[in-house]
Ligand SMILES: [Zn+2]
């Protein structure tokens, strides 16, 4: 028997539409069987309501004929919504590109043992918070030892695997160098990062912080004393226990520059590399290209196993898919990323100076003609000319169409008023 859901979908289609379709099909069953948390219900509601009359707020544009066009609804703005996440991601990458120094960066990956996954799942605020803090402190200690400057450090929580099962780990961007007394100090050795020592120190600080404050940690099958035994046992373990820290200088993008003699040569393009790194760190757990089919009962996903490079096709129940997706939705109050060291809000002036220094270096590097810089200037000029032509009296300000905003307020249920009889019945004394 076929129903209207029985159509195969092409790969690389819109992730929001895919997710919305999955939610509409299996949300009622999921709510009944799995009893989701409040933030999970909110996340499903947001995705389904995004840019639909359900959101109740929107606007209408003024058309050239003097009439108002169709109603357009606002987006939900939730980080769990793929469409809104892409908009937020582009904005945050643009912001960071404008603020961070364009130097060389490394990508760090910190993995935790499988026995602690449950604690990360049920206590995300405490566990991720302390892990990020101890990781940042350990990195700072060794940066002080190696070059003594304040580096850029930005850890981000990623909790998924290729097949969307739970795999909590931290990815972090770390600058190869740091700011000290108005100068940018770079380590002599490009592979300066002592990852084994940093991992040991991170574990030490993490365990100390967990045992010092003794926060209440929830475990579905264990009581508090057993939880602390589990923590002590698995944090002290070595590399074979599941702890791992990967480190590599990030990016292979190059650009061509011409020197004073007119010879072209290839140099590392730090700007392109930084943008690539930021896009990797801010990506979402939902990869739409991995969903190959949705039928009336199951979702089919396709992914490659990391070590063997083997392509695996898995057909899972719709509810199970939602369950896996919900593992990666963090509740309110748990930030996915935290800025440390040079990115800290108290170091704004230093960060600005570092950014300026690298911009100056790029422009004044000998008598180089930077092709990228030339091209970007050309594009800006063309854009300005175009906008001047299209907008007569507005100057360089972007033209915004006239809009009328509206807000539909749901009619409240009429309440019965106590203490007064209906107007039809006279009050009896
Ligand atoms: Zn949305």
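Rule-based calculations on the coordinates, nothing more; no lab input. Just so we're clear, the structure is a prediction, and the values are computed from it rather than from any experiment. Reconstructed Cβ throughout: ideal geometry from the backbone, glycine too, with neighbour counts over all protein chains shown.
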- Message: What is the distance in Å between the Cα centroid of region 96-141 and that of region 69-90?
- Response: 28
- Item | Ranked 103, 146, criterion: other C-beta atoms within 10 Å, fewest first | 146, 103
- Query: In whole Å, what is the distance between the alpha-carbon centres of region 9-60 and region 331-358?
  - Reply: 33
- Note on the structure: When 13, 175 are arranged by how many other beta-carbons sit within 10 Å of their Cβ, fewest first, they go 13, 175
- Using Cα pairs under 8 angstrom and six or more residues apart, how large is the relative contact order of region 146-288, in percent? 19
